[in-house]
Amino acid sequence: MTLRLHPFTALTAAVCAAVVTTAAASWPFSVAVALAAVLLAVRSGVAGRVLAAAAVIVVPLCLSLLVLHGLFFPEGHTVLAQWGPARVTAEGLAFALELGTRTTACVLVFLLFSFTVSVPDLLSALADRRIAPQFGFVLASTLTLLPAVAGRLDRIRQAQETRGMVVRGGLLSRLGTLRLQMVPLVLALMDDAGSRAQALDARGFGNPGPRTSYRDVADPPAQRRFRAAALVLTAAAVVARLVASWPGGAGS
Amino acid sequence: MSQPALTVPAPGQAAGRSRRLLEIAGAAAIAATYVFLVLTQPADIANGPASFSALVALGGFLLGAVLLIIAVLPVLPTSTLVLIPVALVLNVVLGQLMGSTGLPFYIDAIGTVLIGVLAGPAAGAATGALSSIVWSFFNPTVLPFAAGAALIGFLAGLAARGGLFRRFYLAPIAGFVTGILAGVVSAPIAAFVFGGTSGLGTGAIVSAFRAMGDTLLAAITKQALISDPMDKAIVFTIAALLAYALPRRTTYQFPFVRRFRVLAGKAPSAPDA
Amino acid sequence: MTAATRTALRARVDAFTFHGESHPALRDAALSVTPGSLTAVLGGSGSGKSTLGKLLAGWLRAGHAGQFRGSLELFGTRLDFHGAPEDPRINPAEWSRRVAFVPQDAAAMLSTVRATVAEELAFGLENRATPRADMLRAVERTAARTGLSGLLDRDPATLSGGELRRLAVGCAVIAEPDILVLDEPLASLDAAGAAQIAALVRSLCGNGTGVVLLSQAADRLAGEATHWTVLDGGTVTAAGTPAQLTGSAELEHVGVLAPGSPASGAGLVAAPGFSAVSPGAAALELCRVGFGYGRPSRRRPDPPPVPRPIQVLRDVDFAVRPGEIVAVTGPNGAGKSTLLRHFNGLLRPSAGDVRVCGRSIAGVPVGTVAASVGLLFQHPRDQLFERTVLREAAFGLRQLFGKADAEDRARAALAAVGLPAAAEALHPAELSSSRQRLLALATVLAREPAVLALDEPTVGLDRHGLERLGKAVAAAAARGTAVVMVTHDLNYARATAHRILELDAGSLREI
């Protein structure tokens, strides 16, 4: 069953999941959310990319959390081991665990969103809701520009090598070659941007006022209700957390 | 049959006021959130992962960043707007290239600073915030730092306006000060949302301070004060070098550069009548 | 009928100066356009044609892009500009709805934020809040006119050059403008693509649109125009009907390519006689070189639009002697650029060996081979990075020749390509595209390599540029440099090269 999600539904779901995970402050909950995200990624066929991207982000973070809070946690009382100034405390480990799982869950949820959302649909939905088209433009233009830049940098590097630039090891030489590559890249990008701005203005991009969309994105009422419900639930969770942990109140 | 006019009137003043209010509201949200967090930082974080502070930090800073974007974005001229994707691409590409040289700096704000220098503080702030939002599509951990990135762009624009980019040795100083402010403002996010680390290197510095008994927020603020100013000084220098490497025609097309004489060099004389 | 002959657009430019410059880019130019007519503005590289075109279409506006003094009159509405802050501010969207412009680089027209050709066409209409039903009809109609009907679902980034050009024209005409300005619409198109664009232009004129053609060559399409205006150095030097101006002195002086085949005719330096008794070994040798791209990646589910030959070079045996000029031609995509990239090691052969001056370059880094092999790319912008022209030419010479010599050699190279001493302090990005290509050539010549490889050197050069290129290449060959040129312009190859080879299906043969 392939459900065509309205991009706002996916976005609301991701944001609400992340916020509720942050408000819940319980590592079993975070783990559950992370697993749910992975399952959904598998269902959508993007599990490979999501897990790869998440690993690059999350693994160094969790490792350093473990080292930092596992070994140095002055607020901890239950000491498990001690080597000089480093004390392994249960509270520190618990803190690292809570934060690590929370961050992992949030990262997975957002990556799932960004790898499954269809950017043209998102732009169309933004135009329907009268959200400033400039935001959608920046988003889509960046996503188009990034892959092209890698190719461009390669061509520039080849051109510089042809002019006698030899890439040796050594910090100063590497920094020197950077300069040779950066200026043509920046110049080319800014020139292109300049012409593009003129074309966009000519095609009416700078017009204030409403826009229509060529692409049609369906927004069934069931998804609208889901979004509303999710937002209400999230707000309730946030309020509950704020009330429960208000400084000076009971507990923290 | 009335045709839409071929000309537009000059921009009015009333629209400017509501924009200004939104900008101030955004900045105020960020400042108020910071003060609140410092005053209410949990004395005993052993009792939980600081969810309260995390929610407040995220909510306040992101609200401020969004208000700034709403205020600034619709009035940015198209010629500035098309540069924001370029700035983001530069942030990413230069950050990765510098990372490959092995120096212990992030250097991922060059595009933002360049836009701030060429198009002004408002454009710089919008670029910083938008860069974080768009980059979060690839790395969601960047999103909470949107307010800090906006601050960097804003201060870069202010420095350019004050003429600090006319001399090469002043640009790194401006970067140093910006690094101090941006690092301090971003510290609560690093502390409460991410638990204090963004990598192994910075984690070591924080560990040292924690071993001395500092609270998490204090330790992270001190670490930020150590690494951020140098990083931003380098970023400002590179952005200044790039701005001067561009031809006159490209840089002088920006009204901000012309009006505040941001770049050194003889301003071209008025064309003959 | 008065309606048909009523002038649609009348422009008078007293002076237009970009911000940040002290000399006007355009001076004392005037142009009138009537509906249903074809007008041509001819001029060499850097003459200001694109600036004039953008000014007509509202892409460059008074106050926004520069200081403008003159007047624009569109269907009776007259706007006067005095270079003061109170001048009228043109609404670019509204003006472009009446006067549309298609830039020389077709990709610059695209919004880059639309995923299919159909959406890209509709972008302008979306911004004007056109109802969806109207947009669907307009897209279909425009696609039929520009021949894009089969491409509506394609990603604009995957289009070929000719298709991109048609898409750009489609984006401009979808709003049904009264006047269309086209900047070099036939540049870098092959014969089929050029014919399609020419047919499109004729049909637009037939429908009552006034078309203004900006061109560097007085080709067949320009010959069909009713009126020619010749621009040089930002000002109009001649105006009249094609019959009056063809072959006239002004046209030659300005650097417009003569009618007929673009690069042939007078002014080309014939290749100096090449003695069969050549001294010594070949400067460049390819011995049984084979090269192919790997298996197509399995990740991509959809097949690439153009099937790529797996084996690009097959058993290629090729030698160039010092002082010889060889031209390599062949159909697009045959791998001519790939061949050139083997000369200095950017690509390494999967079989066979490449020898420069008798020594194999296998394993030698590209930057070191660059001392003997100079390669000029198709897009000179990728190769230029210094702040002034002189520094650009002098780059790297200090290591090769010593500090004292470096600047002199740089100046000599600049003079060899015809760049005046006055241009030395300019920023390379401020040069016209023709001069940028010559500057890139100068940077390569300054190093005095043993082998000179040129990738499509004639593209974008006006007549002066072509002359200078011919002279510089001949001088280099006379000095003993081996020159290899990749070009699709057979006439230029015949006129300048000693030997012509064709690369077809992976192997070279002489023609």
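The values are calculated or read from the model by the stated rules, or taken from the named source; none is laboratory data. In this text the structure is predicted, and so the values were computed from the model without any measurement. No Cβ is skipped: glycine too gets one built from the backbone with ideal geometry, and neighbour counts run over all protein chains shown. Accessible surface is based on the protein model in full, side chains and every heavy atom, while ligands, DNA and RNA are left aside. Shrake-Rupley method; radii C 1.70, N 1.55, O 1.52, S 1.80 Å.
Quick rundown of the values:
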quantity	calculated
Residues that are at pLDDT 85 or above, of a type in the set (D, E, K, R) and over 24 Å from C:D315 (Cβ atoms), drawn from segment C:489-506	C:R494
Among the candidates A:A132, A:A150, A:A159, residue that is modelled with pLDDT under 90 and within 30 Å of B:A54 (Cβ to Cβ)	A:A132
Among residues of segment C:424-442, those that are crowded, with 17+ Cβ neighbours inside 10 Å and either aliphatic (A, V, I, L, M) or touching a strand residue (DSSP E or B) at 6+ places or on another chain (Cβ under 9 Å) (or both), counted	9
Qualifying residue in segment B:180-197 (condition: touching an Asp or Glu at 6+ places or on another chain (Cβ under 7 Å), small (G, A, S) and closer than 30 Å to B:Q41 by Cα)	yes
Qualifying residue in segment A:5-28 (condition: open to solvent by less than 30 Å² (accessible area, probe 1.4 Å), in a loop (DSSP other than H, G, I, E, B) and not hydrophobic (A, V, I, L, M, F, W, C))	yes
Condition check for A:D201: closer than 18 Å to B:T78 by Cα and facing chain C (nearest Cβ under 7 Å)	yes
Any pair with Cβ under 6 angstrom, 6 or more apart, that starts in segment A:53-67 at a residue that is more than 7 Å from chain B (Cβ to nearest Cβ) and in contact (Cβ under 8 Å) with a residue 40 or more places away in the chain and ends at one that is open to solvent by less than 50 Å² (accessible area, probe 1.4 Å) and of a type outside the set (A, V, I, L, M, F, W, C)	A:V58/A:T104; A:C62/A:G100
For A:A218: the one exception among (1) more than 10 Å from chain C (Cβ to nearest Cβ); (2) open to solvent by 20 Å² or more (accessible area, probe 1.4 Å); (3) touching a Ser or Thr at 6+ places or on another chain (Cβ under 7 Å)	(3)
Odd one out for C:R166, checked against (1) out of contact with any Phe, Trp or Tyr (no Cβ under 7 Å at 6 or more places or on another chain); (2) at the interface with chain A (Cβ under 8 Å from one of its Cβ atoms)	(2)
Failed item, numbered, when B:F176 is tested on (1) open to solvent by less than 50 Å² (accessible area, probe 1.4 Å); (2) touching a Pro at 6+ places or on another chain (Cβ under 8 Å); (3) away from every other protein chain (no Cβ under 14 Å)	(1)
Residue within segment C:104-112 that is within 27 Å of the chain's Cα centre (by Cα), closer than 17 Å to B:A5 by Cβ and either outside any loop (DSSP other than H, G, I, E, B) or at pLDDT 90 or above (or both) present	no
Of all residues in segment A:140-198 being touching a Lys or Arg at 6+ places or on another chain (Cβ under 9 Å) and among the basic types (K, R), the one that is farthest from the other protein chains (Cβ to nearest Cβ)	A:R168
Residues (aliphatic (A, V, I, L, M) and at pLDDT below 70) located in segment B:11-49	B:A14, B:A15, B:A43, B:I45, B:A46
Qualifying residues in segment C:80-102 (those that are open to solvent by less than 20 Å² (accessible area, probe 1.4 Å) and of a type in the set (A, V, I, L, M, F, W, C)) - the one nearest to the other protein chains (Cβ to nearest Cβ)	C:A93
Members of segment C:367-406 found to be acidic (D, E), assigned to a helix (DSSP H, G or I) and buried (at least 17 other Cβ atoms within 10 Å of the Cβ), listed by number	C:D382, C:E392
Among (1) more than 13 Å from chain A (Cβ to nearest Cβ); (2) not in a helix (DSSP H, G or I); (3) not charged (D, E, K, R), the one test that C:V201 misses	(2)
Residue in segment C:27-45 that is at pLDDT 90 or above, in a strand (DSSP E or B) and over 30 Å from C:R220 (Cα atoms) present	no
Any chance A:T12 is within 18 Å of A:V238 (Cα to Cα), more than 14 Å from chain B (Cβ to nearest Cβ) and not charged (D, E, K, R)	yes
Single residue of segment B:219-243 satisfying the filter (small (G, A, S) and within 11 Å of chain A (Cβ to nearest Cβ)) that is surrounded by the fewest Cβ atoms within 10 Å (Cβ to Cβ)	B:A243
Residue within segment C:349-360 that is within 29 Å of the chain's Cα centre (by Cα) and free of Cβ contacts under 8 Å to residues at least 24 places away in the same chain present	no
Residues of segment C:8-22 satisfying the condition of being in contact (Cβ under 8 Å) with a residue 60 or more places away in the chain and outside any strand (DSSP E or B)	C:A8
Hey, A:R49 assigned to a strand (DSSP E or B) and open to solvent by 50 Å² or more (accessible area, probe 1.4 Å) or not	no
C:G345, sole failed condition from (1) more than 17 Å from C:A319 (Cβ to Cβ); (2) part of a strand (DSSP E or B); (3) more than 8 Å from every other protein chain (Cβ to nearest Cβ)	(2)
Looking only at segment C:167-195, and only at residues there that are within 18 Å of C:L38 (Cα to Cα) and in contact with a Gly (Cβ under 6 Å, 6 or more places away or on another chain), the one that is surrounded by the most Cβ atoms within 10 Å (Cβ to Cβ)	C:V181
Residue that is open to solvent by less than 30 Å² (accessible area, probe 1.4 Å) and more than 14 Å from every other protein chain (Cβ to nearest Cβ), where the choices are B:G157, B:G162	B:G157
Residue match in segment A:138-156 (condition: over 21 Å from the mean Cα position of the chain (by Cα) and within 21 Å of C:A371 (Cβ to Cβ))	yes
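Here's the yes/no breakdown for (1) closer than 30 Å to A:G209 by Cβ; (2) in a strand (DSSP E or B):
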position	(1), (2)
A:S64	no, no
A:G76	no, no
A:V88	no, yes
A:L108	no, no
A:S124	yes, no
A:A127	yes, no
A:T142	yes, no
